[in-house]
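What follows is a short report on a single structure.
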Amino acid sequence: MNHALKLQIRNIEGALIRALGTAERRGFRVLGVELNSRKKDFSQLYLTVHSADRCVHQLKRQLERLHDVTDVSIIAEPVVLTAAAGV
């Protein structure tokens, strides 16, 4: 499944690499990255990842533990469609 996350990271050396490395080491394949540096001290990182069997909520908690990351939110999750019974 594909998931999109929004992170706020500090603008310090290595912060981006640590965030991307955490996602990859946890079994997620990075599909897309967008970095917006609108503030002097912080950047917004939009991260799209894929994993067939990993929980994105676990990745969120692991990213929140990084010293350089000040906020993480899941901004898109796949919609699961279920068939109505008897239809």
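The values are calculated or read from the model by the stated rules, or taken from the named source; none is laboratory data. In this text the structure is predicted, and so the values were computed from the model without any measurement. Cβ placement follows ideal geometry from the backbone for every residue including glycine, while neighbour counts extend to all protein chains displayed.
For residue 5, the criteria (1) in contact (Cβ under 8 Å) with a residue 60 or more places away in the chain; (2) assigned to a helix (DSSP H, G or I); (3) not basic (Lys, Arg) hold in every case but one, which is (2). Residues of the stretch 28-71 that are of a type in the set (A, V, I, L, M), under 14 Å from residue 15 (Cβ atoms), part of a loop (DSSP other than H, G, I, E, B) and at pLDDT below 95: none at all.
When the stretch 1-24 is filtered for residues that are over 11 Å from residue 69 (Cα atoms) and over 11 Å from the mean Cα position of the chain (by Cα), the ones remaining, listed by number, are 1, 13, 14, 17, 21.
Tallying residues that are surrounded by 13 or more Cβ atoms within 10 Å (Cβ to Cβ) and either outside any helix (DSSP H, G or I) or of a type in the set (A, V, I, L, M, F, W, C) (or both) within the stretch 14-27 yields 7. Figure legend. Inter-residue proximity from the stretch 16-32: first residues touching a residue at least 40 places away in the same chain (Cβ under 8 Å), second residues assigned to a helix (DSSP H, G or I) and surrounded by 14 or more Cβ atoms within 10 Å (Cβ to Cβ), beta-carbon distance below 9 Å, spacing 6+ or different chains. Indicated pairs: 19/63; 22/59; 22/62; 22/63; 23/59; 23/62; 23/63.
Looking only at residues in the stretch 28-47 that are closer than 15 Å to residue 72 by Cα and aromatic (Phe, Trp, Tyr), the one that is surrounded by the most Cβ atoms within 10 Å (Cβ to Cβ) is 42. In the stretch 40-59, the residues that are over 14 Å from residue 16 (Cα atoms) form Cβ pairs under 9 Å with partners that are surrounded by fewer than 19 Cβ atoms within 10 Å (Cβ to Cβ) and among the hydroxyl-bearing types (Ser, Thr, Tyr), at six or more places apart or across chains, as follows: 59/22; 59/51.
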